[in-house]
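Asker: Let me begin by handing over the structure; questions about it come next.
The values are calculated or read from the model by the stated rules, or taken from the named source; none is laboratory data. Fair warning: this is a prediction, and the values are worked out from it, not measured in the lab. Every residue, glycine among them, receives a Cβ derived from its backbone with ideal geometry; neighbour counts consider all protein chains shown. What goes into the accessible areas is simple: the full protein's heavy atoms, side chains included, and nothing from ligands, DNA or RNA. Shrake-Rupley method; radii C 1.70, N 1.55, O 1.52, S 1.80 Å.
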Amino acid sequence: MQNVIEAVTPQGDVIFRVEDGGYIVAQQIDAKPLKPAQILEGALETIGIESATDPATGLTYEFFIAGYGLSREGAFGAPE
């Protein structure tokens, strides 16, 4: 599944937009740099530790998934 990075917050949260239009909130476990609009492939729809790969570079990133299936407002912390 393709996941597009929408934002990396100052608190270290990574917000992904998924193919179905939903959002995922995660904490990055490793220290590899991420950037908005970067595409990562992997199944990130399970609470807990998951990994995703950048198809352009082949690098694998690890995350703790805190929430998935969220609306944009829910992912960015605005009241729904």
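Asker: Within the stretch 48-67, can you find the residues that are of a type in the set (Val, Ile, Thr) and either buried (at least 16 other Cβ atoms within 10 Å of the Cβ) or at pLDDT below 95 (or both)?
Answerer: Initial filter on the stretch 48-67 (of a type in the set (Val, Ile, Thr)): 49, 53, 57, 60, 65.
Once the filter is applied, which keeps residues that are of a type in the set (Val, Ile, Thr) and either buried (at least 16 other Cβ atoms within 10 Å of the Cβ) or at pLDDT below 95 (or both), the stretch 48-67 yields only Ile65.
Asker: Which of the residues belonging to the stretch 37-46 are surrounded by 11 or more Cβ atoms within 10 Å (Cβ to Cβ) and either outside any strand (DSSP E or B) or not acidic (Asp, Glu) (or both)? Show your work before the answer.
Answerer: As a first pass, look at the stretch 37-46 and keep what is surrounded by 11 or more Cβ atoms within 10 Å (Cβ to Cβ): 38-45.
Hits for the stretch 37-46 are Gln38, Ile39, Leu40, Gly42, Ala43, Leu44, Glu45.
Asker: Which residue pairs have Cβ atoms under 9 Å apart, sit 6 or more places apart or on different chains, and have a first residue in the stretch 21-38 that is within 11 Å of Ala66 (Cβ to Cβ) and a second that is hydroxyl-bearing (Ser, Thr, Tyr) and open to solvent by 20 Å² or more (accessible area, probe 1.4 Å)?
Answerer: Final answer for the pair search is Ile24/Tyr68; Val25/Tyr68; Ala26/Tyr68.
Asker: Determine which member of the set Glu6, Glu50 is part of a strand (DSSP E or B) and either out of contact with any Leu (no Cβ under 8 Å at 6 or more places or on another chain) or touching a residue at least 40 places away in the same chain (Cβ under 8 Å) (or both). Show your work before the answer.
Answerer: Working: Glu50 fails: either out of contact with any Leu (no Cβ under 8 Å at 6 or more places or on another chain) or touching a residue at least 40 places away in the same chain (Cβ under 8 Å) (or both).
Step by step, each of Glu6, Glu50 is checked, and only Glu6 is part of a strand (DSSP E or B) and either out of contact with any Leu (no Cβ under 8 Å at 6 or more places or on another chain) or touching a residue at least 40 places away in the same chain (Cβ under 8 Å) (or both).
Asker: Does Thr9 fit the bill of being at pLDDT 95 or above and hydroxyl-bearing (Ser, Thr, Tyr)? Before the answer, list the steps.
Answerer: Working: at pLDDT 95 or above: no; hydroxyl-bearing (Ser, Thr, Tyr): yes.
Answer is no for this residue.
Asker: I'd like the full set of residues that are at pLDDT 95 or above, closer than 15 Å to Met1 by Cβ and among the hydrophobic types (A, V, I, L, M, F, W, C), limited to the stretch 22-43.
Answerer: Passing the criteria: Ile24, Ala26, Ile39, Leu40.
Asker: Based on what the data block shows, is Glu80 at pLDDT 95 or above and charged (D, E, K, R)?
Answerer: Numbers: at pLDDT 95 or above: no; charged (D, E, K, R): yes.
Against the criterion (at pLDDT 95 or above and charged (D, E, K, R)), Glu80 does not qualify.
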